[in-house]
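The values are calculated or read from the model by the stated rules, or taken from the named source; none is laboratory data. Since this is a predicted model, take the numbers as computed values, not measurements. Cβ sites come from the backbone with ideal geometry, for glycine too, and all protein chains shown count toward neighbours.
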Amino acid sequence: MSNSIFDLEQQMLEFANITDDIAMVTRHFIEDPRWEDMAPVLADALMNKYLSIKDLYEIKFENMWHTFEEVCKEYHIAHKLAGLERDEELQRLFDEEEHY
């Protein structure tokens, strides 16, 4: 498998960390004493927004990962077929040389 597919997979996994980053920011507003005086209605609204964004990115990542898996399957099938075609062509050339 080419390095570019591995590199893409690693970049995708790094992208998935965005949900961890969102969770960290959410914890910041919940746990940091500077925000203790925030009105409960405002705190709830803020947390709901952050959790919605986190959920959105988890769905996007799942969709992207599914597409990546499908592309990898197609790549491996195409690569295998190309190898079979190459082997068949080499065998045909070998067979032709035997007849001379």
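Please return the ranges of helices (runs of 4 or more DSSP H) entirely within the chain where 2 or more residues are touching a helix residue (DSSP H, G or I) at 6+ places or on another chain (Cβ under 7 Å), aromatic (Phe, Trp, Tyr) and touching a residue at least 24 places away in the same chain (Cβ under 8 Å). Where helices (runs of 4 or more DSSP H) fall fully within the chain and carry at least 2 residues being touching a helix residue (DSSP H, G or I) at 6+ places or on another chain (Cβ under 7 Å), aromatic (Phe, Trp, Tyr) and touching a residue at least 24 places away in the same chain (Cβ under 8 Å), they are 40-98.
Can we say Arg34 is surrounded by 10 or more Cβ atoms within 10 Å (Cβ to Cβ) and of a type outside the set (A, V, I, L, M, F, W, C)? No: the conditions fail for Arg34.
One line per residue, one yes/no per condition, for (1) of a type in the set (Phe, Trp, Tyr); (2) at pLDDT below 90:
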residue: Asp55; (1), (2): no, no
residue: Phe61; (1), (2): yes, no
residue: Trp65; (1), (2): yes, no
residue: Val71; (1), (2): no, yes
residue: His76; (1), (2): no, yes
residue: Lys80; (1), (2): no, yes
residue: Leu84; (1), (2): no, yes
residue: Glu89; (1), (2): no, yes
residue: Leu93; (1), (2): no, yes
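Looking at Thr26, Thr67, Thr19, which is the one that is within 25 Å of Ala78 (Cβ to Cβ) and not aliphatic (A, V, I, L, M)? Among Thr26, Thr67, Thr19, only Thr67 is within 25 Å of Ala78 (Cβ to Cβ) and not aliphatic (A, V, I, L, M). With respect to (1) more than 22 Å from the chain's Cα centre (by Cα); (2) exposed (fewer than 11 other Cβ atoms within 10 Å of the Cβ); (3) at pLDDT below 85, the lone exception for Phe29 is condition (2).
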